[in-house]
Amino acid sequence: IQSIRRKYLPSFIDQIERLHLSNADTSPHQIEIFLSRLCPLYRFENLKTMTLECLHSFETLLKLLGDCQRLPHLTELNLHQCSI
């Protein structure tokens, strides 16, 4: 993941408009790993839609909502199968 973040993500991060993160059984802790290791959410300058699936941490949701305030184009936040 570190090499992807360093080599490839910076070249197209400003083109990403949709992001889907899931903590489902097939991708446990994906949301937390993304937030802590991949890239700060505010770098996705053109993000318009974000979907969170199977989020069960109120603290993580609060962090994400705080980060969302720095995303000027974000118009849609979807929560699926979340229990907070």
Among the residues of region 25-73, write down those that are closer than 16 Å to ILE84 by Cβ, among the small types (Gly, Ala, Ser) and assigned to a loop (DSSP other than H, G, I, E, B).
SER57
Which numbered condition GLN81 misses (of (1) touching a residue at least 40 places away in the same chain (Cβ under 8 Å); (2) touching a helix residue (DSSP H, G or I) at 6+ places or on another chain (Cβ under 7 Å)):
(2)
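Residues checked against (1) touching a helix residue (DSSP H, G or I) at 6+ places or on another chain (Cβ under 8 Å); (2) free of Cβ contacts under 8 Å to residues at least 12 places away in the same chain; (3) not basic (Lys, Arg):
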{"residue": "GLU17", "(1), (2), (3)": "no, no, yes"}
{"residue": "ASN23", "(1), (2), (3)": "yes, no, yes"}
{"residue": "SER27", "(1), (2), (3)": "no, yes, yes"}
{"residue": "TYR42", "(1), (2), (3)": "yes, no, yes"}
{"residue": "THR51", "(1), (2), (3)": "no, no, yes"}
{"residue": "LEU62", "(1), (2), (3)": "no, yes, yes"}
{"residue": "GLY66", "(1), (2), (3)": "no, yes, yes"}
{"residue": "PRO72", "(1), (2), (3)": "no, no, yes"}
Which residues, taken from region 9-23, are among the hydrophobic types (A, V, I, L, M, F, W, C) and farther than 18 Å from LEU77 by Cβ?
LEU9, PHE12, ILE13
Do the conditions hold for LEU77, that is, is it touching a strand residue (DSSP E or B) at 6+ places or on another chain (Cβ under 6 Å) and open to solvent by 60 Å² or more (accessible area, probe 1.4 Å)?
yes
Would you please name the residue that is nearest to ARG18 (Cα to Cα), looking only at residues in region 46-73 that are open to solvent by 40 Å² or more (accessible area, probe 1.4 Å) and under 12 Å from the mean Cα position of the chain (by Cα)?
LYS48
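The values are calculated or read from the model by the stated rules, or taken from the named source; none is laboratory data. Fair warning: this is a prediction, and the values are worked out from it, not measured in the lab. Cβ coordinates were reconstructed from backbone atoms using ideal geometry, including for glycine residues, and neighbour counts include every protein chain displayed. SASA here: full protein model, heavy atoms, side chains in, ligands and nucleic acids out. Shrake-Rupley method; radii C 1.70, N 1.55, O 1.52, S 1.80 Å.
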